[in-house]
1. Scale the Cα Rg of the protein assembly as shown by the rule-of-thumb value 2.2 N^0.38 Å and send over the ratio, two decimals.
2. In whole Å, what is the distance between the alpha-carbon centres of the range B:82-101 and the range B:340-403?
3. Taking amide H atoms as placed 1.01 Å from N in the peptide plane, list the residues 5 or more away in sequence, or in a different chain, whose amide H sits under 5 Å from that of B:TRP95.
4. Of A:CYS60, A:CYS68, A:CYS81, which has the largest mean-square fluctuation in a 10 Å C-alpha GNM of chain A?
5. For the range B:373-470, state which GluC sites (Glu not before Pro) are in a DSSP loop and have at most 15 other beta carbons lying within 10 Å of their beta carbon.
6. Which value, in debye to the nearest 20, describes the size of the charge dipole of the range B:1-101 about its Cα centre when Lys and Arg Cβ atoms bear +1, Asp and Glu Cβ atoms bear -1, and nothing else is charged?
7. Report relative contact order for the range B:92-186 in percent, whole number only (criteria: Cα-Cα under 8 Å, sequence separation at least 6).
8. Leaving out ligands and nucleic acids, and using a 1.4 Å probe, what accessible area per residue does the range B:135-272 come to in Å²?
Amino acid sequence: MFRRLDAPVVQAAGRTVRVIVDGVALDCREGDSVAAALFAAGVQACRDTAVSGAARGPFCMMGVCYDCLVRIDGRPNQQACMTPVRDGMTVQRQLGAREVAV
Amino acid sequence: MNDMASISAEIPQYDLLVVGAGPAGLAAATRAAGLGLSTALIDEQPAPGGQIYRAVGSTPVQDRNILGADYWHGLELLEPFARSGARYLSSATVWSINRLEPQADGQPAGFEVAYSVSQGGEEPQASLLHCRHIILATGAQERPFPIPGWTLPGVITAGAGQILLKTSGVVPEGRTVLAGGGPLLYLLAYQYLNAGVKLDAILETTASSQWLQALPHAWSFLRSPYLGKGLTLMRAVRKAVPIVSGVTALEALAGENGQLAEVRYTAGGQSRSMAVDQLLLHQGVVPNTNLSRAVGAEHAWNDLQDCWEPVVDAWGATSVPQLSIAGDGAGIAGAMAAEHRGRIAAVHVATALGRIDAAARDREAAPHQAALARATRGREFLEVLYRPPAQFRRPVGDTIVCRCEEATAEQVRHAARIGCQGPNQMKAFLRCGMGPCQGRFCGLTVTELIADEQQRHPRDVGYYRLRFPTKPVTLGEIATLPQTPASREAVVRFKK
């Protein structure tokens with residue numbers, strides 16, 4: 001699990017941004033990536049692989065490994081680590097078979 | 001109306017495109033703009049700094065003792081860059097670089113670069129730009145660390161842990177183990193300790209024999225800027241965290257939910273197990289070569305670092321005309337070296353484009369060449385000391401090698417034994433390297449496994465042939481590129 005550092009080592013909480021993860025509201029901080037917000041909320045697995053169905057979660061956090069793919073605002077296969085959170089954003093974990101993105 | 005001319009007039013033209021806003025890219029773009037070159041800097045992240053100075057302008061971790069002075073040095077690159085006049089394109093990913101037709105006036109042909117910009121909730125928008133010269137400053141990524149279970153949720157790279165800390169002040173909670181070797185592993189441990197994070201263990205894969213091998217390089221390391229800092233940091237970490245040295249085998253195991261629950265390791269011939277909540281892996285960094293390979297630059301195997309690196313001269317120039325590489329993307333040398341290599345590459349470009357003469361270039365470059373020599377002093381010591389042991393580079397059995405396509409070490413080894421000729425043919429056998437990461441996390445391992453099975457040198461085995469697009473793009477994204485009469489013509493089947 002992961003947690004957020006508290007004041008005073010971090011600055012007073014930045015603006016709160018509310019996203020919806022699999023139908024549940026999640027408050028995060030402006031400047032978080034979707035992947036960081038998921039870690040802070042205790043979510044480490046965000047998808048099943050297309051090959052074996054094994055659980056995966058963010059691994060590199062720098063846009064290299066593509067293990068953090070989630071559906072964002074309806075678009076599948078978005079890199080959670082490269083997408084900043086936004087008010088009202090919907091995030092769905094990609095569990096089960098994949099569809100083709102166009 | 002001349003459609004062609006109007007379209008091409010809309011495509012921005014620059015003297016120089018710099019790709020990547022880490023220390024090398026920021027320093028190169030700043031210097032180039034300062035020398036009067038029209039310069040654009042493209043970077044994937046929403047803010048400049050690269051990975052080493054990630055979020056340095058916006059991190060919530062404001063207590064400067066946590067991330068340390070070396071991190072905050074990044075601010076000294078941001079401010080001059082912001083004033084430099086260089087155009088900055090953030091959240092932008094370069095996915096294609098093509099050479100333009102030579103110009104009628106005999107000027108060397110430049111490049112046409114395709115990139116996509118993602119902005120809040122919109123479909124990514126693809127655009128083109130033209131430039132006369134490119135400096136790739138795409139930096140490093142973590143070396144693959146293929147152990148059993150490295151794909152489990154709960155296992156992340158040490159770099160990923162550091163990015164969570166820098167960007168969001170998010171840190172591990174519960175039972176946390178760091179494993180592997182290399183300066184970043186200890187730096188992260190130190191930063192975690194500064195932030196009050198408890199670490200249960202560091203499992204060191206550095207063999208004690210490596211200290212002996214590194215000893216001949218110790219003299220130059222004694223004069224390295226890293227030594228003093230390194231000792232302070234190691235002392236603090238060793239005081240606060242149980243360290244297991246000489247780990248020869250390492251495995252992550254899943255619990256019932258399919259996520260990490262346990263780490264097993266062998267040290268001193270004894271196997272032990274620990275219940276854990278997260279495992280952070282690290283065994284060094286390697287140049288990120290996908291763009292430099294796709295554009296056709298020559299690469300060579302570095303025997304000391306067990307990785308590929310582009311072949312560059314002292315100015316960062318590659319085998320491709322008008323293409324330079326600066327920073328760790330041209331060979332791992334660290335952040336301080338990267339910024340000087342960026343400035344050296346920039347003055348070379350200014351000379352190549354006729355902005356300054358060779359004498360001015362040499363004058364400009366001299367202080368940076370001296371600083372580069374200082375910054376890289378003693379690196380051989382670290383390279384030999386922290387060379388990842390063979391069993392962590394050349395896995396066996398069911399260990400996944402290609403994370404995207406879930407090809408295992410034994411599958412790759414078997415294909416090599418039955419005559420697979422190299423990494424490219426391996427794609428046909430196993431699809432390894434053909435997933436969305438495009439070989440970034442399996443390429444080095446596949447090269448080494450083929451070398452191992454066929455008793456060849458990695459340099460002779462070679463690497464995947466990489467092509468554009470170097471990052472996945474959708475057809476919808478490509479369709480947002482500006483259209484020309486020629487591109488429309490190409491898809492019109494029936495003409496009236």
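1. Ratio of Rg to 2.2 N^0.38 Å for the protein assembly as shown: 0.95.
2. Centre-to-centre (Cα) distance: 22 Å.
3. B:ALA114, B:TYR115, B:SER116
4. A:CYS60
5. none
6. 180
7. 16
8. 39
The values are calculated or read from the model by the stated rules, or taken from the named source; none is laboratory data. Just so we're clear, the structure is a prediction, and the values are computed from it rather than from any experiment. All Cβ positions, even for glycine, are placed from backbone atoms using ideal geometry, and neighbour counts span all protein chains on display. Accessible surface is based on the protein model in full, side chains and every heavy atom, while ligands, DNA and RNA are left aside. Shrake-Rupley method; radii C 1.70, N 1.55, O 1.52, S 1.80 Å.
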